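Let me give you the structure first, and then I'll get to my questions.
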Amino acid sequence: MPELPEVETLRRDLAAALVGERIRRCEVRLPRLVTCPDCRTFCSRLKGARIEEVRRRGKYLLFVLDRPWEWVVHLGMTGSLLLAEEGSPEPPHTHIVLHLTHPRLLRYADPRTFGETAVVPAGDHSALKGLAGMGPEPLERSFTAKALERAMRTSARVKSALMDQRRVAGIGNIYADEILFRAGIDPSRPADSLGKEELERLHSAVKTVLREAVRRRGSSVSDYVDSWGKPGSYQLVHKVYRREGRPCPACGEPIRRTVMGGRSAHWCPRCQR
Ligand SMILES: [Zn+2]
């Protein structure tokens, strides 16, 4: 699933390509991807709108328009937003097509269709629960060690707490594993059992791992590609994620995989306490 670094990469590329573009026409082939309003209203609100800015909140992309609406996209597990030209071969599972200045297109493709899109009143995200209840942005300056400590005040496992979007925005399975390895913390520890020094290490690991992953344009482990169809490269430096049985890069101990709350955690039993 695209997490903060992948969505941030898309945001930057799409901002560079789309700011100032007008949406001439909108085609929705799979109406259930449109959370609100209904599909026809969705298209009529987008039609003719100019894209003024592209923002990101957690794993959501927000397109600010020259009208009192905002276009919101969440890529779910396997969604992608691809820039293309009219007449170019269409990727399978293309469910939404926005026609921009001829011949430019923006295609939304999503094999598993867990994504969602909506047009909502600008700045009012109350219709989208996940977005309205989103926790702090970990790469913002205001996300201090103190802010992380507040987010970790729960007896849930630290890995689940990091992935809980209401506590911290944008972190999913890949980056939670990599962050906890860097911080030297066992993913199954209760979040509220972490001491001050551990929280500081965790805070610094959150910032370092996410920044480096953005610099490397995200991780391409299964489906993720950027809006030009190109993979990121952070997967090349993953230390634990999907490296079960391979030696820990720090101590040589085989990386372990444990199922935790239905998701797998990858970690080093010697380096992570
Ligand atoms: Zn190790």
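The values are calculated or read from the model by the stated rules, or taken from the named source; none is laboratory data. The structure displayed is predicted, hence computed values, not measured ones. Here Cβ is always computed from backbone atoms with ideal geometry, including for glycine, and neighbour counts include all displayed protein chains. All accessible areas refer to the heavy atoms of the entire protein, side chains included, with ligands and DNA or RNA removed. Shrake-Rupley method; radii C 1.70, N 1.55, O 1.52, S 1.80 Å.
Just to check I understand the Karplus step: with θ = phi - 60° and J = 6.51 cos²θ - 1.76 cosθ + 1.60, what whole-Hz values come out for the stretch 127-144, glycine and proline as x?
Result, rounded to whole Hz: 6, 10, 3, x, 6, 5, x, 5, x, x, 7, x, 8, 7, 4, 5, 7, 8.
Something else about it: Under 1.5 on a/c is rounded, so check that first for the stretch 16-119, then, if it is not, pick prolate when a/b is larger than b/c and oblate when it is not; a ≥ b ≥ c are the square roots of the alpha carbon gyration tensor eigenvalues.
Taking the square roots of the gyration eigenvalues as a ≥ b ≥ c, the stretch 16-119 is rounded.
Now for a different question. For the chain, what is the charge dipole size about the Cα centre, in debye to the nearest 20, if Lys and Arg each add +1 at the Cβ and Asp and Glu each add -1 at the Cβ?
On the way: 47 positive and 33 negative charges, 86 e Å.
Dipole size: approximately 420 debye.
Follow-up. In Å², what does the accessible area per residue of the stretch 144-273 work out to with a 1.4 Å probe? Spell out each step's value before the answer.
Details: 6150 Å² over 130 residues.
Result: 47 Å² of accessible area for each residue.
Please list, or write none, the lysines whose alpha carbon is within less than 26 Å of the alpha carbon of Lys230, excluding same-chain residues fewer than 8 places away.
Lys59, Lys207, Lys239
Please find, in a Gaussian network model of the chain (springs between Cα atoms separated by less than 10 Å), the residue of Val168, Val19, Val119 whose mean-square fluctuation is greatest.
Val19
With a 1.4 Å probe and all protein chains left in place, how much of the accessible area of the stretch 44-86 comes from carbon and sulfur atoms, in whole percent?
Working: 690 of 1560 Å².
Whole-percent figure for carbon plus sulfur exposure: 44.
Which whole-angstrom value gives the distance between the alpha carbon centres of the stretch 129-167 and the stretch 1-49?
Answer, in whole Å: 27.
Can I ask one more? Looking at the chain from every direction and averaging, what is the projected area of its Cα convex hull in nm²? Don't jump to the answer; show the numbers that get you there.
Values: hull surface 56.3 nm².
If I average the Cα hull's projected area over directions, I get 14.1 nm².
With a length cut of 18 Å (Cα positions projected on each helix's long axis) and a Kyte-Doolittle mean of at least -1.0, go through the chain and give me the DSSP H helices that pass. Before the final figure, lay out the partial values.
Working: long enough: 4-18 (20 Å, 0.20); 196-215 (29 Å, -0.62).
Qualifying helices, which must be both long enough and hydrophobic enough, are 4-18, 196-215.
A further question on this structure: Give a residue-ordered list of calculated ³J(HN,Hα) values for the stretch 251-265 (Karplus: 6.51 cos²θ - 1.76 cosθ + 1.60, θ = phi - 60°; whole Hz; x for Gly, Pro).
Values per residue, Gly and Pro as x: 10, x, 4, x, 5, 9, 10, 10, 8, 9, x, x, 10, 8, 10 Hz.
Let me ask something else. GNM, the chain, Cα, under 10 Å: largest mean-square fluctuation among Asp226, Asp164, Asp66?
Among Asp226, Asp164, Asp66, the largest GNM mean-square fluctuation belongs to Asp66.
Per residue, how many Å² of accessible area does the stretch 40-91 show with a 1.4 Å probe?
On the way: 2190 Å² over 52 residues.
Using a 1.4 Å probe on heavy atoms only, each residue of the stretch 40-91 averages 42 Å².
Next question, about the same structure. Would you work out the charge dipole size for the stretch 1-134 about its Cα centre, treating the Cβ of every Lys and Arg as +1 and the Cβ of every Asp and Glu as -1, and quote it to the nearest 20 debye?
Details: 20 positive and 17 negative charges, 57 e Å.
That gives a dipole near 280 debye.
Related question: With a/c under 1.5 counting as rounded, go ahead and sort the stretch 1-72 into rounded, prolate or oblate using the C-alpha gyration tensor (a ≥ b ≥ c being the square roots of the eigenvalues; past the cut-off, prolate if a/b is larger than b/c, else oblate). If you can, show how the numbers build up before the last one.
Details: a/c = 2.03, a/b = 1.27, b/c = 1.60.
Judged from the Cα gyration tensor, the stretch 1-72 comes out oblate (a/c at least 1.5, b/c at or above a/b).
Would you work out which of Val119, His95, Ala151 lies farthest towards the positive end of the dipole of the stretch 62-168? Charges go on Cβ: Lys and Arg +1, Asp and Glu -1.
Going by the Cα projections, it comes out as Ala151.
For the stretch 70-202, just say rounded, prolate or oblate: build the C-alpha gyration tensor, square-root its eigenvalues into a ≥ b ≥ c, call rounded for a/c under 1.5, and beyond that prolate if a/b exceeds b/c, oblate if not. Mind dumping the intermediate values first?
Numbers: a/c = 2.89, a/b = 2.16, b/c = 1.34.
Cα axes put the stretch 70-202 in the prolate bin.
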